[in-house]
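S.K.: This is the structure, below, for whatever I ask next.
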Amino acid sequence: MSHSEQTNVSLASVDAGVGQASHELMQRKDRLVEPTAEERQLMLELLKVQLIECNHETFFDVGRGADATTDGLAKPELEASLKNLKALAAELGAEVLSLRTKVEKEGEVAEVLVRTCPAGDDFQDIRVAVVGNVDAGKSTLLGVLTHGELDNGRGLSRQHLFTHAHEAESGRTSSVSHDILGFSTSGEIVNRPGHDGKLDWVQICHDAAKVLTFIDLAGHERYLKTTVFGLTGHSPDFVMLMIGANAGIIGMTKEHLGLALALHKPVFVVITKIDMCPPNVLASTLKLLQKILKSPGCKKIPLLVKNEDDVIDSSKNFLSQRLCPIFQVSNVTGENLDLVKSFMNLLRPSKPADTEAPAVFQIDETFSVPGVGTVISGTTVCGTITGADTLLLGPDSTGAFQPVGIKGIHRRRMPVTAVRGGQAASFALKKVKRAAIRKGMVLVHPSVKPQAFWEFDAEVVILHHPTTITTKYQAMVHVGSVRQTAAILRMYGKDQLRTGDKARCRFRFVRYPEFLTEGARVVFREGRTKAVGTILRNIPQEEELAHGLTLSRVRAQAAAERMASSAGAPPPAAVTA
């Protein structure tokens with residue numbers, strides 16, 4: 001949603017409560033110069049609503065009204081307007097950041113960002129998935145951004161991010177690793193590496209109003225399964241696609257871009273290594289990238305970011321998902337890195353999570369911590385969870401949910417008392433063994449009355465397949481943090497599917513039932529991505545096509561049908577539990 005659309009939504013909300021007067025007031029460019037007590041209260045209500053709807057920070061134009069031909073204020077009026085806006089923001093616990101001043105026909109217009117100051121140890125959590133082909137410089141860029149020191153051209157900065165010894169030796173990421181970048185209310189970076197070069201996450205979260213969590217994913221084709229799980233299970237808000245200027249768009253670059261678009265994630269591109277790339281090669285890479293982004297499959301508007309004005313314009317329109325900013329940086333010389341940091345400071349989630357709904361928490365990692373016990377990490381989909389809550393954990397292999405208590409909650413290694421929708425967190429659980437938990441399980445409030453399903457209907461589009469897909473075809477299904485093999489039991493209205501086909505299909509998990517949400521995005525893959533789609537309906541037990549079948553029985557029945565058909569005999573009856 002663009003800034004103007006957000007403003008219209010906010011205006012509609014306020015108009016419903018305080019009448020037409022607020023709408024008329026916001027059409028005036030001088031509304032903040034010398035407001036009356038009534039006008040001041042109306043603008044306070046508007047700003048409050050806009051901050052809530054825009055995730056605690058919003059863009060605001062001072063000196064711009066309904067008539068674009070009369071935009072602009074004299075300098076004394078502009079200064080008075082900014083002073084009054086800062087006073088309004090202070091009443092709401094927010095600060096005003098000046099972005100730029102533009103000269104219009106009748107004076108100047110100031111574009112500002114109003115950002116809420118977090119209460120206590122709270123902070124805004126934004127997750128950015130980092131994807132791209134192997135050797136594109138993903139880990140190196142994150143090391144430079146989070147630790148504040150340039151690379152030496154041989155991968156020095158990426159050593160801060162590697163989790164395993166073999167990653168440091170090969171220089172290739174094989175797991176999902178995380179690092180954070182904190183911004184204060186005034187937009188300053190608060191990352192301060194210690195004497196050992198490591199970051200104190202607790203201190204960063206304490207000092208920051210906004211924390212960007214980078215989900216560093218693997219670029220090698222061998223680790224595509226891990227990359228897909230990072231894009232689905234870790235619920236990123238944005239995707240940063242990395243491209244090496246010298247290598248161009250090769251390998252898994254298009255694959256990762258297609259995944260991000262299929263999951264409806266806003267994408268921005270960072271081209272690295274421009275210091276070592278010949279100008280003609282860089283121009284060729286940019287030309288091909290722009291061609292791909294403009295193609296019917298992407299339908300993006302590429303914008304080469306060259307200055308701070310481009311950063312502000314792209315930030316305002318980024319959530320529309322039509323715009324795709326392109327940055328050209330060097331991790332060695334530091335060229336244009338300030339533009340990337342400014343853009344990240346202005347990033348904000350597309351919509352606020354529902355914190356009033358019953359709590360749902362999806363699990364993407366499990367740990368066993370000495371002295372603590374079983375610890376799980378993941379993302380709060382909706383609702384609010386406190387340390388005193390008793391939630392249901394499941395589904396297990398039988399589809400059941402068990403009550404569990406919470407011993408402690410951490411956000412980015414910092415102890416907290418509660419976690420709300422849209423935030424990533426870790427929980428220490430009471431009296432639960434790690435072996436009893438797997439990725440894809442959920443913690444839910446008892447009022448949800450959760451159910452696990454073996455089968456579901458989904459509308460899928462086949463992105464790529466070398467031959468044809470028929471019933472009984474099996475591949476890996478990713479739905480959020482769920483990752484399990486599923487078989488196609490039925491195709492509605494079609495006998496087979498090829499590349500580019502769209503159909504409604506019935507899927508069945510082969511190992512255990514899962515907790516699914518209707519409307520969730522599905523990635524259906526075997527090796528490279530095969531299909532993407534949306535869950536239309538969860539199938540209750542009494543309507544299942546293959547009730548009671550396990551993977552081995554499905555295979556046995558399929559083999560029996562093939563033998564019977566080849567011998568000319570009627571097929572055997574379906575196996576039931």
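S.K.: Over the chain, calculate the relative contact order: mean separation of alpha carbon pairs under 8 Å at least 6 apart, over the residue count, as a percent. Walk me through the numbers on the way to the answer.
M.R.: On the way: 1251 pairs, mean separation 55.4, N = 577.
Relative contact order of the chain: 10 percent.
S.K.: Throw me the Rg/Rh for segment 328-418, computed over C-alpha atoms with Kirkwood Rh, two decimals.
M.R.: Looking at segment 328-418, the ratio lands at 1.13.
S.K.: Could you run the Karplus curve 6.51 cos²θ - 1.76 cosθ + 1.60 with θ = phi - 60° over segment 389-397 and give me ³J(HN,Hα) per residue in whole Hz, x for Gly and Pro?
M.R.: 6, 10, 10, 9, 9, x, x, 7, 5
S.K.: Something else: Amide H of M441: which non-local residues (sequence gap of 5 or more, or other chain) have their own amide H closer than 5 Å, using H built in the peptide plane?
M.R.: Counting only residues 5 or more places away or on other chains, the set is I363.
S.K.: Could you derive backbone 3J(HN,Hα) for segment 492-501 from the dihedral phi with the Karplus parameters 6.51, -1.76 and 1.60 (θ = phi - 60°), listing whole Hz in sequence and x where the residue is Gly or Pro?
M.R.: Here the 3J(HN,Hα) series is 7, x, 9, 9, 8, 10, 10, 4, x, 6 Hz.
S.K.: Quick one: ranking K138, K502 by accessible area, 1.4 Å probe, largest first, what do you get?
M.R.: K502, K138
S.K.: Same structure again: Under the rule of at least 5 residues apart or a separate chain, name every residue whose amide H is placed under 5 Å from the amide H of V482.
M.R.: none
S.K.: Enumerate the amide H contacts of T185 below 5 Å, restricted to partners 5 or more residues apart or on another chain; note that Pro and chain-start residues carry no placed amide H.
M.R.: Amide H neighbours of T185, under 5 Å, 5+ apart: A209.
S.K.: Then there is this: Provide T70, T398, T390, T232 ordered by accessible surface of protein heavy atoms (probe 1.4 Å), highest first.
M.R.: I get T398, T390, T70, T232, largest accessible area first.
S.K.: Taking a quarter of the surface of the convex hull around the Cα atoms of the chain, what do you get in nm²? The partial results should precede the final answer.
M.R.: On the way: hull surface 123.0 nm².
With the hull built on Cα positions only, its mean projection is 30.8 nm².
S.K.: In the full protein assembly as shown, how much of E188 is accessible to a 1.4 Å probe, in Å² to the nearest 10?
M.R.: 120 Å²
S.K.: Whole angstrom only: what separates the Cα centroid of segment 327-405 from the Cα centroid of segment 464-542?
M.R.: 26 Å
S.K.: Solvent-accessible area per residue for the chain at a 1.4 Å probe radius, Å²?
M.R.: I get 44 Å² per residue for this part.
S.K.: A follow-up question, please. Step through the table entries K138/K299; K254/K291; K225/K439; K29/K102; K254/K300, compare each Cα-Cα distance with 22 Å, and write down the pairs that go over it.
M.R.: The pairs that break the limit, which is 22 Å between Cα atoms, are K138/K299.
S.K.: Among F401, T471, F318, which residue has its Cα furthest toward the positive end of the charge dipole of the chain, with +1 on Lys/Arg Cβ and -1 on Asp/Glu Cβ?
M.R.: Value computed over the given set: T471.
S.K.: Another question, if that's okay. Give the ranking of R192, R506 by solvent-accessible surface, highest area first, calculated with a 1.4 Å probe.
M.R.: Listed by decreasing accessible area, they come as R192, R506.
S.K.: Mind jotting down a quarter of the surface of the convex hull over the alpha carbons of segment 347-480, in square nanometres, one decimal?
M.R.: Answer in nm², one decimal: 11.2.
S.K.: Additional query: Rank L303, C277, A90 by how far each Cα sits towards the positive end of the charge dipole of the chain (+1 on Lys, Arg Cβ; -1 on Asp, Glu Cβ) and give me just the farthest.
M.R.: Ranked along the dipole, the leading option is C277.
S.K.: Something else: Across segment 58-64, in residue order, what do the Karplus-derived ³J(HN,Hα) couplings come to in whole Hz, using 6.51 cos²θ - 1.76 cosθ + 1.60 with θ = phi - 60° and x for Gly and Pro?
M.R.: 8, 7, 9, 9, 9, x, 10
S.K.: Helix-only estimate, please: 222 nm mean residue ellipticity of the chain, summing -39500 (n - 2.57) across DSSP H runs of length 4 or more and dividing by its residues, to the nearest 500.
M.R.: The helix-only estimate for the chain comes to -8000 deg cm²/dmol at 222 nm.
S.K.: Where in the chain are the DSSP H helices whose C-alpha atoms run 15 Å or more along the long axis and whose mean Kyte hydropathy is at least -0.5?
M.R.: For the chain, where a helix must reach 15 Å along its axis and average at least -0.5, the hits are 3-18, 37-53, 75-91, 279-294, 551-567.
S.K.: For the chain, what is the charge dipole size about the Cα centre, in debye to the nearest 20, if Lys and Arg each add +1 at the Cβ and Asp and Glu each add -1 at the Cβ?
M.R.: That gives a dipole near 2600 debye.
S.K.: Kindly work out what percent of the DSSP beta bridges joining two residues of segment 297-435 are antiparallel, to the nearest 5.
M.R.: Antiparallel bridges: around 90 percent, rounded to the nearest 5.
S.K.: Could you pull the accessible area for M491 with a 1.4 Å probe, rounded to 10 Å²?
M.R.: Looks like 20 Å² after rounding.
S.K.: Along each of the three principal axes of the Cα atoms of segment 25-115, give the extent in whole Å, ordering the values from largest to smallest.
M.R.: Extents along the principal axes: 33, 27, 21 Å.
The values are calculated or read from the model by the stated rules, or taken from the named source; none is laboratory data. This one's a predicted model, so the numbers in the text were calculated from it and none came from an experiment. FYI the Cβ positions are ideal-geometry reconstructions off the backbone, even for glycines, and counts take in every protein chain you see. The area values use the complete protein model at the heavy-atom level, side chains included, leaving out ligands, DNA and RNA. Shrake-Rupley method; radii C 1.70, N 1.55, O 1.52, S 1.80 Å.
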